[in-house]
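Colleague: This is the structure I have questions about; it appears just below.
The values are calculated or read from the model by the stated rules, or taken from the named source; none is laboratory data. Being a predicted model, the structure only gives us computed values, none of them experimental. So basically every Cβ, Gly included, is an ideal-geometry build from the backbone, and we count neighbours across all protein chains shown.
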């Protein structure tokens, strides 16, 4: 066989098929299977692993020879043992039935535990409150710390605690003694510095503990709790409490864990000691551990000062479980009483709070002590208004209402513990107690409303309103009470007959509030009540009231978040947008948002509510809604500028597109189109909106055709032409070339469907002229990819449309296809890529389809070229000429590849071309047969097709050709096969 | 090459009663073989009486009584001269805890002028080139349940007013106040907390602190003369800041171990205890109410 056989140039001639004759159903033979094709193999892998593990105890991931294939093994390993499908197969039950089974089977835990879990659900965990407290109670005042464990700061001389100077240093006094002369006071710390210092103390404590310096750790804990006595920067106290109790919690945990792990516990029947199991009983604890534990408590009992002693004992309260299981309730009650000794009511209430918190962690069920704690506070309530407290507040320049709000976190926590799952009568009991002891204290009312079940509160809403209104002006701010009540009523509905009175009573007071901030924080909560229970008329009045209060002195500027919340609440509870926009106060409310970014936010949430919350709702054609939404969308749209980030643009674009999709005038197509025209002029800056508009107009156009069933009247024909024109002039304003390409093609197709041939030509030509402008890379899934594959697939789509587009009488034969070829010729392809030839191959396909007597598909009422030319020989020869040129191009590319030694590409291209020649070409022409044979040789010459694959491919190709030769008139193929056989053997 | 000598008694809390056997092990831990000239173990219990500086003049007269009183003393040769192999060696021992004739075993007490201490002293004699090794361990003696009196509740009510105060120079400067309350008992078991309640009924000036002061009263001497000293053991704050009026504040104090013992009265010395309730006003003036208490073991 000669190595350098030149590929002779040859003329192409298309084969003409008899479609109807060939149109018989072909079907692959079916085969019944009994198993999932993936399943058995993978399962063997798993099983082999499992057995290995149980036998050898080895957990290595390497598998033995039992593994069927290495690829599967690696696959299984990547999926961590099981692929999801097998995983389900291996479970005895599918998740759903399992869930159902779990529901029916009682969970095998003891009653107490489940009840406990229930309580935990009711009580909001401390962790969530913690951050809220830290965020709320901050200060810009300077703070100070006295400690001996941090460097820096000035030295403070500490006088000896005991007047007796003994040569024996009393161990008892050690705890209170600072290391001599090392006590430092750090003054003028900012809040951040202070928090940082406390964090340092925390680390110091853990470090000391880890270095077995337990006394030092205890001392740090004591010093930390001493800081809680100091109320010098009172508005920071709650945050300080949070920070310091965190340290104490850590300390308590360290003590407890060490006692537990150090306790040498002998499991019955075992000789080697282990640490105690998680759940142990005191009689399991060995004597030595009990002794250590007692030592801790003795040590702490000798701390001189009350507050540190209480806090440290509370911190390690859990360790009582080593000594006795019953002491908790006693200890809790004792500690509760001891807290009474704290004179400062704020320090006391936080100590109560910490006790309740610790208590909840150690006891189950018994919550009597929490009530006791609460009543203790109630009993000492008058202390809050004692002259000494007032004097201190004056000194710190803190007003009484601010001071009282410092109590809320602690009180809320305590009362929450009382109220969790409490019966209704407890509420009554506590209310009466508060009434008699503290004369309707606003502070307590607030806490009560926050703690008890909203349904209890809602049932007594009127009573509460009465009490709240009766609260004196001084002290706890009244608006907060109304706010809390509003929050309760948002969660539980009061009796229907009271609702109007409730709103009226509350609003009579609230609307008299002069401070805009106070007012809006009530309004923010109560709007929900109004929206849920009343008609739009009342809501409208409500909104009007808000506007009236927020307008003076541009108060709204400071309360955007609250106003935003108002809008959101109105939106979430309104199902009916019509009523929303018929309210004459809603849009004026939006006008309050004068800051651009906020306003856009609000508009977005409105549109979001409109498009998402009302998915099931009918599309709208209400002019009021459309106008209002148009306005809102325009606000959003106008916020887009050159600096807007892509994501923002995308969001806004989606929202506006959603709106465009929702508007539907039904059969009034003219109106619909004019809406689209209006939308286009309103939103000129957003690509996605334009794309949506073009899509919508195309849809409208197709819809029109559907209604007239393809028979356009003069009027409808004019309308669809208008639609096509709309598309044609809208598309250029889109920036993305890709989108434009798509839309031009789509619009062209729609125009073709509507028999607007001129528009088809225009659209397709526009698309073609765009092709050179397509960027080399496009973004796919956030990554930059070459645009070549996209372009190829787009052009294929384009070609399939071209087949049915009739030639314009003014232009030459197949001028659009020629135009396409010109574009391809000029397009700057990657020099070594096959892409251009691949497209050429597809053009060959299309051209040979165009040469048939009747085409495979048609557009209804559109005469394609097959009818126009009626297989005129001139037309056919024109096609053949074009094919020949393409063939030449491809062959020259093959040569080019040869010179560049791109053999693999060459081989595959040659093979593809071979297939075209054999299938599309007319093999009666001897030149075609020769060409086929040459291509066949070329494809296999360099052996660059994967040998295995090439064998299969070869065999399949030959097989196919043989089959062809069996068919009538297939002797040509038989010849070819014979020749090919000769070549290969 | 350190040799570690340690004494471990069997009971974790190291508490023993008269007539019991003290058992335990001597632990020798060494990196190499240890040659020694014998290991001995001594158990001794003594009462140490000390002179207070201000009383030294009076005491010189009857110097005798200051000599330590031996309550128990006993020596064992645990090992005869020889060699202990490298590593950990445990040598068990056992002592009966019985007093010397004519002596009684008092409870362990660590005070200022009176100290009652029980020690185990282990000594390893070595040749003249190496130092002898010594290890001392304390153990604690408590009274047996049966032999001593039990605490009988003896409640006391108190009420402190300006009128009830003694030792006041200027009656006119005292603010008006009334502090009432009760102690559950002035006769207490040392293992139980000291309890009671205190109510500040009213008070003209703000209070700074309310404290409980536990005081030991130690008396040394004999028939010819004695010295009596009161010193503070601990001070426990029960009210911090301006405590609320009319609220019952609990009085609660745990007696510290070792530093307290059942009230003791012998011919040579006495150990007694008192509790002071101290109310300190904002201006640092303070009022004190004194309660002698009797402590018992059970």
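Colleague: If you check B:141, B:179, which single one turns out to be buried (at least 17 other Cβ atoms within 10 Å of the Cβ), touching a residue at least 60 places away in the same chain (Cβ under 8 Å) and under 20 Å from the mean Cα position of the chain (by Cα)? I'd like the intermediate steps shown before the answer.
Modeller: Numbers: B:179 fails: under 20 Å from the mean Cα position of the chain (by Cα).
From the options B:141, B:179, the qualifying one is B:141.
Colleague: For residue A:422, are the conditions met, namely being outside any helix (DSSP H, G or I) and within 25 Å of residue A:371 (Cα to Cα)?
Modeller: Values: outside any helix (DSSP H, G or I): yes; within 25 Å of residue A:371 (Cα to Cα): yes.
Answer is yes for this residue.
Colleague: Which condition does residue A:824 not pass, out of (1) assigned to a loop (DSSP other than H, G, I, E, B); (2) at pLDDT 85 or above; (3) under 47 Å from the mean Cα position of the chain (by Cα), if it passes all the others?
Modeller: (1)
Colleague: Can you tell me which of (1) free of Cβ contacts under 8 Å to residues at least 40 places away in the same chain; (2) farther than 29 Å from residue A:426 by Cα is the one residue A:484 doesn't meet?
Modeller: (2)
Colleague: May I ask you to verify whether residue A:831 is modelled with pLDDT of 85 or more, within 46 Å of the chain's Cα centre (by Cα), surrounded by fewer than 16 Cβ atoms within 10 Å (Cβ to Cβ) and closer than 28 Å to residue A:904 by Cα? Outline the logic, then answer.
Modeller: Details: modelled with pLDDT of 85 or more: no; within 46 Å of the chain's Cα centre (by Cα): yes; surrounded by fewer than 16 Cβ atoms within 10 Å (Cβ to Cβ): yes; closer than 28 Å to residue A:904 by Cα: yes.
In short, no.
Colleague: Based on what the data block shows, is residue A:848 touching a residue at least 24 places away in the same chain (Cβ under 8 Å), closer than 30 Å to residue A:721 by Cβ and in contact with a helix residue (DSSP H, G or I) (Cβ under 7 Å, 6 or more places away or on another chain)? Spell out the reasoning first.
Modeller: On the way: touching a residue at least 24 places away in the same chain (Cβ under 8 Å): yes; closer than 30 Å to residue A:721 by Cβ: no; in contact with a helix residue (DSSP H, G or I) (Cβ under 7 Å, 6 or more places away or on another chain): yes.
No; evaluated as a whole, the condition is false for this residue.
Colleague: Those residues that are surrounded by fewer than 19 Cβ atoms within 10 Å (Cβ to Cβ), farther than 14 Å from residue B:96 by Cα and touching a strand residue (DSSP E or B) at 6+ places or on another chain (Cβ under 6 Å), I need them from the stretch B:16-49; list them, please.
Modeller: B:25, B:27, B:29, B:30, B:33, B:35, B:40, B:46, B:48
Each row is one residue, and each column tells you yes or no for (1) part of a helix (DSSP H, G or I); (2) in contact (Cβ under 8 Å) with a residue 40 or more places away in the chain; (3) over 19 Å from residue A:606 (Cβ atoms).
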site: A:537; (1), (2), (3): yes, no, yes
site: A:544; (1), (2), (3): yes, yes, no
site: A:563; (1), (2), (3): yes, yes, no
site: A:567; (1), (2), (3): yes, no, no
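Colleague: Can I ask one more? Looking for whichever is surrounded by fewer than 20 Cβ atoms within 10 Å (Cβ to Cβ) and at negative phi here; the options are A:511, A:521. Which one fits? Explain how you work it out, then say what you get.
Modeller: Values: A:521 fails: surrounded by fewer than 20 Cβ atoms within 10 Å (Cβ to Cβ).
Of A:511, A:521, the one residue that is surrounded by fewer than 20 Cβ atoms within 10 Å (Cβ to Cβ) and at negative phi is A:511.
Colleague: How many residues does the stretch A:325-334 hold that are within 14 Å of another protein chain (Cβ to nearest Cβ) and either surrounded by 24 or more Cβ atoms within 10 Å (Cβ to Cβ) or farther than 13 Å from residue A:301 by Cβ (or both)? Steps first, please.
Modeller: Applying the first criterion (within 14 Å of another protein chain (Cβ to nearest Cβ)) to the stretch A:325-334 yields A:327, A:330-334.
Restricting the remaining residues to those that are either surrounded by 24 or more Cβ atoms within 10 Å (Cβ to Cβ) or farther than 13 Å from residue A:301 by Cβ (or both) gives A:327, A:330, A:332-333.
So the answer is 4.
Colleague: OK, next. Exactly one condition in (1) farther than 26 Å from residue B:15 by Cβ; (2) modelled with pLDDT under 85; (3) within 14 Å of chain B (Cβ to nearest Cβ) is not met by residue A:305; state its number.
Modeller: With respect to (1) farther than 26 Å from residue B:15 by Cβ; (2) modelled with pLDDT under 85; (3) within 14 Å of chain B (Cβ to nearest Cβ), residue A:305 is out only on (2).
Colleague: Which of (1) at pLDDT 80 or above; (2) buried (at least 20 other Cβ atoms within 10 Å of the Cβ); (3) under 53 Å from the mean Cα position of the chain (by Cα) is the odd one out, the single condition residue A:905 does not satisfy?
Modeller: (2)
Colleague: Right, another one. Checking the structure you have, find out if any residue of the stretch A:852-875 is under 19 Å from residue A:931 (Cβ atoms) and in a loop (DSSP other than H, G, I, E, B).
Modeller: Initial filter on the stretch A:852-875 (under 19 Å from residue A:931 (Cβ atoms)): none.
Checking the stretch A:852-875: not a single residue is under 19 Å from residue A:931 (Cβ atoms) and in a loop (DSSP other than H, G, I, E, B).
Colleague: Which one of the conditions (1) in contact (Cβ under 8 Å) with a residue 40 or more places away in the chain; (2) out of contact with any strand residue (DSSP E or B) (no Cβ under 6 Å at 6 or more places or on another chain); (3) at the interface with chain A (Cβ under 10 Å from one of its Cβ atoms) does residue B:283 fail to meet, given that it meets all the rest?
Modeller: Residue B:283 satisfies all of (1) in contact (Cβ under 8 Å) with a residue 40 or more places away in the chain; (2) out of contact with any strand residue (DSSP E or B) (no Cβ under 6 Å at 6 or more places or on another chain); (3) at the interface with chain A (Cβ under 10 Å from one of its Cβ atoms) except (3).
Colleague: Taking residue B:238 and the conditions (1) under 25 Å from the mean Cα position of the chain (by Cα); (2) at the interface with another protein chain (Cβ under 9 Å from one of its Cβ atoms); (3) surrounded by fewer than 22 Cβ atoms within 10 Å (Cβ to Cβ), which numbered condition does it fall short on, given that it satisfies the others?
Modeller: Condition not satisfied by residue B:238: (3).
Colleague: Please specify each residue of the stretch B:201-234 satisfying the condition of being surrounded by 21 or more Cβ atoms within 10 Å (Cβ to Cβ), facing chain A (nearest Cβ under 8 Å) and under 15 Å from the mean Cα position of the chain (by Cα).
Modeller: Within the stretch B:201-234, B:233, B:234 meet the criteria.
Colleague: Considering the stretch A:336-367 alone, what residues qualify as being more than 16 Å from residue A:248 (Cβ to Cβ) and either more than 14 Å from every other protein chain (Cβ to nearest Cβ) or assigned to a loop (DSSP other than H, G, I, E, B) (or both)?
Modeller: A:340, A:341, A:343, A:344, A:363, A:364, A:365, A:366, A:367
Colleague: May I ask you to list the residues in the stretch A:498-512 that are assigned to a helix (DSSP H, G or I) and touching a helix residue (DSSP H, G or I) at 6+ places or on another chain (Cβ under 7 Å)? Write out each step before concluding.
Modeller: Let us first name the residues in the stretch A:498-512 that are assigned to a helix (DSSP H, G or I), namely A:498-510.
The answer is A:498, A:499, A:501, A:502, A:503, A:505, A:506, A:509, A:510.
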